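Engineer: After the structure tokens below, expect a handful of questions from me.
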Amino acid sequence: MKKLKRGVFILAFCIALFPPIWAVLAPYVGVTTGAVALICAGLYVTNGNKASDAVKISFGFLMGDFWAAFALFIMNYLPFNKDINLFITLFILGGLGVIISALLERWVFCPALLCGWAIGLTILAPVGYGKLGTLPVQIGAAMLVGVWYVGVIVNKMQIKIENLFRRKSKDE
């Protein structure tokens, strides 16, 4: 059996502690889509935990969230059957999303836009355009929590804890 390094246990502790705090607090601040934060943190971590990319990842997620609501708006008003409306909307917005994120690559991370769009559509489509209410705002808030709190802050806390253990090991 593989021996686990101390860093794995520190990461496990940070993941066991910090995201559940958000899960408990989210409904109290009016966010019913709290789990979105974990998905978004996953993309942030997959990108290498680069705090330098957190802004463009955040903008990508928020644009994807907007893209989802906009897609439902478009599909609501296209005159064709629902399958053709879906295809046309996804075709146009998917292509535009990639082009816009390429033109604004300094500010928009394309994988975050596409992931955010998928998250938004998954949550918003069953609700329907006419009943969105504050859901897009809640999704956006959870996305930002995922990048900044579960991503950036948890990573910084993990590094601080690891450094404490390193200093303590050197002192002994």
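The values are calculated or read from the model by the stated rules, or taken from the named source; none is laboratory data. As the structure is a computational prediction, the values presented were derived from the model and not from experiment. Here Cβ is always computed from backbone atoms with ideal geometry, including for glycine, and neighbour counts include all displayed protein chains. These area figures cover heavy atoms from the full protein model, side chains too; ligands, DNA and RNA do not enter into them. Shrake-Rupley method; radii C 1.70, N 1.55, O 1.52, S 1.80 Å.
Engineer: Restrict the search to the range 97-172; then list the trypsin sites (Lys or Arg not before Pro) that DSSP places in a loop and that have at most 15 other Cβ atoms within 10 Å of their Cβ.
Structural biologist: Loop-located and lightly packed - R106.
Engineer: Would you calculate, for the chain, the mean residue ellipticity at 222 nm contributed by helices, counting each DSSP H stretch of 4 or more residues as -39,500 (n - 2.57) and dividing by all residues, to the nearest 500?
Structural biologist: -23500 deg cm²/dmol
Engineer: Probe radius 1.4 Å, ligands and nucleic acids ignored: give me the carbon and sulfur share of the accessible area of the range 39-155 as a rounded percent. Display every interim value, and only then the final one.
Structural biologist: Numbers: 4340 of 5890 Å².
That fraction is 74 percent.
Engineer: Too long at a 30 Å Cα-Cα cut-off: which of K56/K160; K3/K156; K50/K82?
Structural biologist: Over 30 Å Cα-Cα: K50/K82.
Engineer: Another one. What whole-number value in cubic angstrom gives the convex hull volume per residue for the C-alpha atoms of the chain?
Structural biologist: Cα-based convex hull of the chain, divided per residue, equals 143 Å³.
Engineer: Which helices, taking whole DSSP H runs in the chain, have alpha carbons extending 27 angstrom or more along the helix axis plus mean Kyte-Doolittle at least 0.5?
Structural biologist: Those that pass (Cα extent of 27 Å or more, hydropathy at least 0.5) are 6-25, 54-77, 82-103.
Engineer: What accessible area per residue, rounded to a whole number of Å², is obtained for the chain using a probe radius of 1.4 Å?
Structural biologist: On the way: 10350 Å² over 172 residues.
For the chain, the per-residue accessible area is 60 Å².
Engineer: What nm value, rounded to one decimal, do you get for the distance between E162 and A12 when each label is placed 7 Å out toward the C-beta?
Structural biologist: The modelled label-to-label distance comes out at 1.6 nm.
Engineer: Of the residues V24, V55, V98, which exhibits the maximal mean-square fluctuation in a Gaussian network model of the chain defined by a 10 Å Cα contact cut-off?
Structural biologist: Taking springs between Cα atoms under 10 Å, the residue moving most is V24.
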